[in-house]
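To start, the structure itself, in structure tokens.
The values are calculated or read from the model by the stated rules, or taken from the named source; none is laboratory data. Computed from a prediction, not measured in an experiment: that's the story for all the values here. Every residue, glycine as well, gets a Cβ built from its backbone with ideal geometry; the counts of neighbours run over all protein chains shown. Ligands, DNA and RNA are excluded from the accessible area calculation, which covers all protein heavy atoms including side chains. Shrake-Rupley method; radii C 1.70, N 1.55, O 1.52, S 1.80 Å.
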Amino acid sequence: MSTRRLTLAATLLAVMAVLPACQRETGPDPLQLTGKMFIFNYRLAYATYMITLTKTQPVPDGSTVVATFENPSGGPPLKLDRTLFQKLDKIVLESPDVTCVKKQKPYSVTIEVKGPDGAILQTLKTSVISNLDQDIMPAQALVVGPAYDKNPDVFKNGKAPEHFQTAKCPT
């Protein structure tokens, strides 16, 4: 074998020995999806996605979770960015308010766990399906303020309307 081939073989072996040291150790994913649903708050007339996760492995200090929710009204996706805290084993992600949720339609959600350097440690993809249409919700909040007073725009002279207006999805 020539000296050149021996040098090349030795270099390749050295590179192969060093490469695993540069990679993140793979193991179980740090987060596990434990719940997903839509929350309809009829008193305040809004809906949100609710995702719950459980930490199964430690994550480095400064790690974050970024959730991207499909927008049921068809606009750009909704994003949520949260810091992961070492001492908290449960993570609850609630989206910004959504409109136009349709019964039995799957809406996609992507969750990325990022290390402090921004490297993606885990990606979770799921979908959330509602068993209700959002048009069951009132068009306006039924209560206002911190004491949940009746909304004067809905309850004229303190009396309930004969029929409540329900939420409509813009076409």
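Remarks
- Screening Pro116 against (1) more than 21 Å from Met37 (Cα to Cα); (2) assigned to a strand (DSSP E or B) leaves a single unmet condition, (2).
- Residue count for region 90-107 satisfying the condition of being part of a strand (DSSP E or B), of a type outside the set (Lys, Arg) and open to solvent by 60 Å² or more (accessible area, probe 1.4 Å): 3.
- Here Asp89, Asp61 are screened, and the one residue that is within 18 Å of the chain's Cα centre (by Cα), modelled with pLDDT under 95 and over 30 Å from Val144 (Cβ atoms) is Asp89.
- Exclusive hit being over 21 Å from Thr34 (Cβ atoms), at pLDDT 95 or above and not charged (D, E, K, R), set Pro106, Pro76: Pro76
- Taking the criterion of being assigned to a loop (DSSP other than H, G, I, E, B) and either touching a helix residue (DSSP H, G or I) at 6+ places or on another chain (Cβ under 9 Å) or open to solvent by less than 40 Å² (accessible area, probe 1.4 Å) (or both), the residues of region 126-144 that qualify are Met137, Ala141, Leu142.
- Set Pro116, Pro170, Pro138: member being under 24 Å from Val59 (Cβ atoms), touching a residue at least 12 places away in the same chain (Cβ under 8 Å) and more than 17 Å from the chain's Cα centre (by Cα): Pro116
- Flag for Glu162 being charged (D, E, K, R) and touching a strand residue (DSSP E or B) at 6+ places or on another chain (Cβ under 7 Å): no
- Taking every residue in region 67-85 that is farther than 16 Å from Thr110 by Cα and pairing it with any residue that is open to solvent by less than 70 Å² (accessible area, probe 1.4 Å) and among the charged types (D, E, K, R), at least 6 positions away or on another chain, the pairs with Cβ-Cβ distances below 8 Å are Leu84/Lys55.
- With respect to the conditions (1) of a type in the set (S, T, N, Q); (2) exposed (fewer than 15 other Cβ atoms within 10 Å of the Cβ); (3) outside any helix (DSSP H, G or I), Asn157 lacks only one, and its number is (3).
- Any chance Asn151 is surrounded by 12 or more Cβ atoms within 10 Å (Cβ to Cβ) and among the polar types (S, T, N, Q): yes
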